[in-house]
Structures are given as structure tokens and as C-alpha cells.
1. I'd like to compare 549-555, 148-154, 281-287: which one has the highest average count of other Cβ atoms within 10 Å, and what's the full order after that?
2. Quick one: 3J(HN,Hα) in Hz for segment 137-146, Karplus 6.51/-1.76/1.60 with θ = phi - 60°, rounded, Gly and Pro as x.
3. Tell me, what HN-Hα J-couplings in whole Hz come from the Karplus equation 6.51 cos²θ - 1.76 cosθ + 1.60 at θ = phi - 60° for each residue of segment 400-417, using x for Gly and Pro?
4. Test of understanding: what is the full-extension gain from residue 388 to residue 177, defined as 0.36 nm times their sequence separation minus their Cα-Cα distance?
5. With everything on Cα atoms, drop me the angle between helix 69-84 and the longest principal axis of the chain, reported from 0 to 90° to the nearest 10.
6. If you add up the charges near residue 493, with Lys and Arg at +1 and Asp and Glu at -1, over every other residue whose beta carbon is less than 14 angstrom from its beta carbon, what do you get?
7. Can you tell which of 556, 568, 509 lies farthest toward the positive end of the dipole of segment 507-593, using +1 and -1 charges on the Cβ of basic and acidic side chains (Lys, Arg; Asp, Glu)?
8. Helix 261-273: angle to the longest alpha-carbon principal axis of the chain, degrees 0 to 90, nearest 10?
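Every read-out reported here was derived from the displayed coordinates using simple, explicitly stated rules and does not represent laboratory data. Just so it is clear, the structure is predicted and the values come from calculations on it, not from any experiment. A quick note on method: Cβ atoms are made from the backbone with ideal geometry, for glycine too, and the neighbour counts reach across all protein chains shown.
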Amino acid sequence: VATRKEKFLSTAGNQRICLYSTTTSDPDFLHESIVPTDHFQKSLPRLPIPKLEDTCERYLRSQEVINSAEEFSQTKAAVQDFLSKDGPDLHKELVATDKQNKHTSYVSGPWFDMYLADRRPVVLNHNPFMVFTDDPQPGYMTQLIRATNMVVSSMRFMKTLRANILEPEVYHLDPKTSDTLKFRKFVRLLPKSVSFYGAYWYKAFPLDMSQYGNLFNSTRIPRKGRDEIFRNAEARHLLVLRNGHFYTFDVIDEHGDVVSPEKIMANLDHILKDNRPPSDYPLAVLTAEDRNRWADIREHLIKAGNSSALSAIDSAVFSLVLDNDMPDNPDDLSRSFLHGNGTNRWLDKCFELILNKKGQACVNFEHSWGDGVAVLRYMNEVYKDSSKNKYVHPDTVPANVDPNDVVHLEFKLDSNLKDAIREAESSFNSRVKSLDVAHLQYNTFTKKFVKEQKFSPDSVMQLVIQMAYYRQYGKFVGTYESCSTAAFKHGRTETVRAATMATKKVCEMILCNKTDASIDEIRAAIKECSSVHSQLTKEAALGQGFDRHLLALRNLSQEIGRTPAIFQDQAYAKINHNILSTSTLASPAVVIGGFGPVVKDGYGIGYAIEDDRIGFNITSYPPDTNVSGLIDCLAHSLDDLFEIFQGRQPKK
Ligand code: BUJ
């Protein structure tokens with residue numbers, strides 16, 4: 001009997017030739033990039049350590065807007081003290097250590113520590129979610145069909161990545177010139193040690209792909225004090241959660257091929273039809289615990305004889321969650337995908353692909369191993385593949401299930417473990433009950449309109465956030481906008497400090513009765529916001545922010561038991577108390593996403609500005625915050641800007 005691969009080869013011919021790939025000779029691959037996945041990795045530039053003086057200057061500029069004149073003069077003195085005493089030595093040491101660690105970046109270690117040493121639960125505090133756009137063909141939106149197609153696409157992605165033929169991730173500044181076959185043919189001839197420079201010559205910036213190694217087969221393991229990341233790339237099974245039960249089955253066969261879609265479908269169908277009642281002791285909720293507590297319980301689980309079941313979870317390619325939820329509005333959808341009811345998520349897993357009863361799908365990911373760029377690439381490819389190349393259809397007959405194929409993981413739970421699960425459930429329930437979620441979809445103007453006005457769309461969104469918060473609270477606060485530094489070897493993220501003296505000026509012009517600025521003056525001030533913000537974003541993306549540098553210097557100072565005044569100053573704590581924690585993304589594969597607030601009195605703000613809509617998806621903890629109030633203020637501020645852009649004074 002011909003294997004699936006042989007059948008493919010005899011019938012497929014050249015059907016999968018695409019512009020940038022050679023003929024795909026294997027049905028298990030998404031494509032066969034002519035430039036190897038790791039082609040640029042070796043020659044990626046190293047993340048620069050900014051000059052100490054630049055960091056101090058940028059730090060002061062961001063502090064000015066959130067502090068009173070008196071506080072600010074204290075901060076200036078602390079910075080001056082740092083520059084003349086501890087700063088230069090600490091900086092010198094940081095540079096020297098960095099020179100000895102050319103394989104990585106100076107932020108990589110501190111950033112892993114930031115995540116892995118945090119003892120707070122990962123749910124609400126770290127794991128974000130991003131929801132796939134619905135499949136364009138409604139007939140394919142059933143839980144079973146979509147889950148099967150997405151699992152097949154995921155495995156094709158994994159195999160393409162591991163075969164080193166996944167197109168390398170490149171940021172094209174001038175796509176017309178560099179997103180071309182000519183570019184690819186040119187760069188692939190360059191030796192790996194210099195390939196980056198060839199791309200750079202075309203104004204194309206290859207991105208770091210080191211995180212992709214942990215995208216599959218990995219998990220975060222709770223340990224006392226600091227967790228660790230575990231990976232076993234040999235494992236071939238998928239973990240499936242349903243009703244708090246755990247199942248596994250192989251999705252890669254013994255030859256290394258993707259298991260047939262009909263068989264994957266049959267196994268999922270078997271799990272969906274399993275009529276045992278929801279688990280009485282849903283162990284998964286332990287992953288939502290405080291990390292030290294979870295570390296203790298995990299030790300206990302192992303002693304009680306559960307080590308092989310835990311290994312099956314830890315090593316699985318990823319976790320597929322089949323939920324019973326049927327959310328009928330975006331806020332319920334967000335709640336379901338951000339935290340669910342706690343019993344059906346293994347939040348430590350590299351990522352969870354969650355599908356609800358309506359066939360809506362999302363990725364909820366553990367954040368320590370990687371950032372949005374890698375996860376978004378996975379989502380883009382899976383969305384593209386699963387909505388274009390269907391592997392199972394509404395009329396597909398699932399293959400016969402071999403009863404031994406699907407393993408239901410059994411756990412031995414003593415009374416201590418049962419108590420621990422009950423406690424974890426109740427603390428999870430009270431934490432998620434304290435969270436509020438609200439969204440805004442705004443259509444009066446969109447990205448095109450902002451571009452026509454010659455403003456930067458992201459800068460306008462950040463200005464709107466500042467205006468809304470100022471309208472609500474009459475002050476300016478620590479604001480964090482996430483910016484990728486994946487253009488550098490082992491880069492992670494840098495912070496754009498989006499509250500600036502320029503945004504303050506516009507907020508006061510529009511929202512204080514004190515000023516009576518003309519439309520032209522307001523427009524000029526908004527223009528200034530746009531250019532200041534665009535400059536900050538550019539600097540952050542080039543590793544020229546101040547946050548990561550100061551973090552590294554502070555860590556070093558702690559190691560030697562000193563705390564320079566700059567880190568004792570109230571303003572340092574204030575700017576790191578990110579009341580407005582923001583992040584954005586743009587992709588046709590993603591319709592909504594979100595994350596929790598990072599402080600008790602703050603907001604977690606996911607936002608997007610697209611060709612057909614502006615959207616905000618926000619979380620916060622009442623009563624210290626008021627999310628629906630912020631949503632109203634955002635809508636009001638967008639209306640104000642619309643008036644101004646049309647040359648009219650905003651309505652008071
Ligand atoms: O900055 C970092 O190092 C990582 C950040 C951390 N934080 C979330 C706290 C800022 N992580 C990310 O930025 C990843 C977040 C991924 C989710 C992004 C959600 C964007 C949602 C856009 C859609 C909103 C549209 C709503 C329409 C009603």
C-alpha cells in the first residue's frame with residue numbers, strides 16, 4: 001500500500017511551486033524556502049548597549065511627564081549622582097560581560113529571569129492570548145474539523161521549521177525590492193557569516209529566530225525560586241485537554257511523517273465523544289497557582305507516582321484544548337481565551353491551541369520562552385495553510401480508531417493533592433472574578449484616514465490612550481508599549497515610553513479649559529507627538545531605549561550589594577509601575593487578543609488600528625480601576641481627534 005507521501009508524489013507534481021520555494025517534494029512541508037531558516041542567525045547583529053549618557057537622558061525625558069517639578073528635580077539629582085559615581089563602573093562591567101558572551105544579548109538572561117523568577121501565577125499576569133480570524137468557509141468552523149485542520153497545519157509548520165526550510169523571518173523596509181525572488185537568490189549565496197549584511201544592503205532586516213526552538217515540545221516547569229524551561233524535541237504526541245481530562249496521541253508517526261488527517265480527526269472525534277463526566281479533581285488548575293506552591297505540589301505529584309503522566313504533558317508537541325464554551329460577545333470570548341474556568345488549561349505549556357464549541361480558535365502562550373513575533377508567525381502560517389489547504393472536510397469520514405492510539409492520562413491523587421486542587425480552584429476563581437474586561441470597536445475613522453492626515457497610526461493610538469487616561473484621572477502615569485528587538489541576536493523587547501511631554505501638551509490643549517489653542521496649533525502639537533513617538537519607537541527597535549539597560553545595571557548593582565540613588569528614587573518605582581501596559585499587532589490572521597493588567601491599579605490594553613476598524617481590548621481590576629469608564633474616554637478622545645482632523649474644534 002502506498003504511503004501518504006508516495007501518493008502525494010505520484011499525483012501532486014509541481015502543484016506547490018511558489019515564487020520563493022523550490023518544488024515541495026514532501027506533503028509534510030508548508031513550503032521549501034530556498035533560503036534556509038537559520039541562514040542569517042549567525043551573522044545577526046548584536047543588541048547594542050546604549051551609551052550611559054543616552055540612557056540617562058532618555059530616562060529623564062520620560063520621567064518629566066509623570067512627575068511634579070519637585071519630584072523631577074530630585075530625579076535629576078539622582079541621575080547626576082549615578083553618572084558621577086556608580087553608573088560608569090556598572091556600565092563598564094556590563095559591557096565587559098557582554099563582550100564575553102557574544103553568542104547572546106545582554107537582555108536575554110535578565111529577561112528570562114524576569115519571567116521565570118516571578119512567583120505570581122502565569123494566568124492574568126503573563127500569558128497573553130491571540131484569536132484566529134474565523135475560517136472563511138463557515139462549513140469548516142466546527143470544533144472537530146477546524147481542530148483537525150489546525151493540528152495538521154501546526155505539524156506541517158513544525159516539520160518545515162525543523163527541516164530548516166521555513167522562510168526566515170525578515171522585516172522588509174522596502175518590500176518591493178527585497179520581498180522578491182532576486183533578493184532570495186542573492187542572499188542564499190552569501191556565506192552564513194555575512195548573510196545579514198547582504199540583506200541589510202537591500203534594506204531587509206532578518207529577525208532572530210532562536211525562540212522558535214522552544215515553540216514546540218516545551219514547557220515551563222515550576223521550581224522553588226525560579227522555574228525552568230524543559231524541552232524534548234523527540235516526542236511525537238499531542239496533548240489534548242477536554243473537561244479537565246488529559247489525552248495524548250501521536251501526531252507524528254515512527255517514520256517522522258505527519259499522521260494522516262483522517263486519523264487525527266478520528267482520534268479527536270473519539271475524545272470529543274468520550275462521555276466520562278468532567279474531572280472531579282481537575283489537576284490542570286494547579287498551573288494557575290503561585291509558582292512556589294505549584295513547585296511543591298508538583299514534587300508531591302511525582303512522589304505519588306505521577307511522573308510518567310507529567311512527562312507526557314511536558315514533552316507533548318503542544319496542548320490542544322477542546323472547550324465547551326460558546327461565547328456570544330467579545331468580552332466573554334476574551335475571558336474564555338484569557339483564563340477560561342481554570343480546569344481545562346495547561347498554562348505552562350509552550351502554547352495552547354484552544355478551540356471552543358463554535359470553532360473559534362486562539363493561541364494562549366506561556367511568555368518566558370518567547371515573544372509575540374514568533375507566536376504570530378506560527379499563527380499566520382497555520383491560518384494561511386488551514387484555511388487554504390483543507391485536510392479534512394465536512395464530508396470526511398474519520399478513519400477507524402485503534403483504541404490504543406488515544407491514551408487517557410490517569411493520575412494518582414492522595415487527599416493532600418485533592419485538597420491542593422480544591423484550593424487552587426478557589427483561588428483561581430476569586431482572582432478571575434476580580435478581573436474586568438471590556439472592548440471598543442470604533443469605525444468613525446480608520447488607519448487609511450490617519451495616514452491621509454500624515455500622522456503615524458500607532459502614534460495616534462498612543463496619544464488617544466494618553467488623552468483617555470488624562471480625561472479619566474487628570475494625570476499622566478507610567479506607560480509601557482511593547483516593542484520587539486528581534487532584529488538583534490537573542491533580542492526580546494524594549495519599552496517605548498509613550499507618555500511624553502508632547503502628548504502631555506496635546507492632552508492639556510484639548511482637555512484643559514485653561515488653554516484656547518487654535519486648530520492649527522493643536523494639529524501642529526499632534527504632529528509633534530507623532531514625530532516624538534515615531535523616534536522613540538525607532539530607537540527602541542534599534543535597542544536604544546533605556547529600560548532594558550537600566551534593568552541590567554540595576555541587576556548588576558544588586559549582585560554587588562549596592563543600590564545607587566537612581567534606583568532608590570521614588571520615580572524609578574513609579575515609571576516601572578506601568579499603569580498603562582499596552583501592546584498591538586497587525587495581522588489578517590488575528591481578530592482580537594489581550595492580556596491582563598501588570599499592576600493592581602492598571603490596565604492591560606491590547607489595541608489595533610486597521611484598514612476597516614480601530615479596536616481596544618482592555619482588562620483591569622475594579623474598584624481601583626474602571627474599565628468601562630476608560631472605554632468611554634477612549635471613544636470620546638477618538639471623536640475629539642476626528643473633529644480636529646476635519647478642521648473643527650472638539651466638542652467641549
Ligand atoms: O513587552 C514584552 O516584553 C512582552 C509583552 C508584555 N505585555 C503584554 C505585558 C505588554 N507581550 C506582548 O506584547 C504580547 C501580547 C500579545 C497580545 C497582543 C494583543 C493585541 C490585541 C489587538 C486586537 C485588539 C482589537 C480589539 C477589537 C475589539
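1. Top of the packing list down: 148-154, 281-287, 549-555.
2. 9, x, x, 9, 8, 7, 4, 5, 5, 5
3. These are the phi-based 3J(HN,Hα) values: 5, 8, 7, x, 7, 5, 9, 9, 8, 6, 9, 10, 9, 10, 8, 5, 4, 5 Hz.
4. 73.3 nm
5. 70 degrees
6. Net local charge, residue 493 excluded: -3.
7. Final value for the positive-end residue is 556.
8. Result, in degrees: 80.
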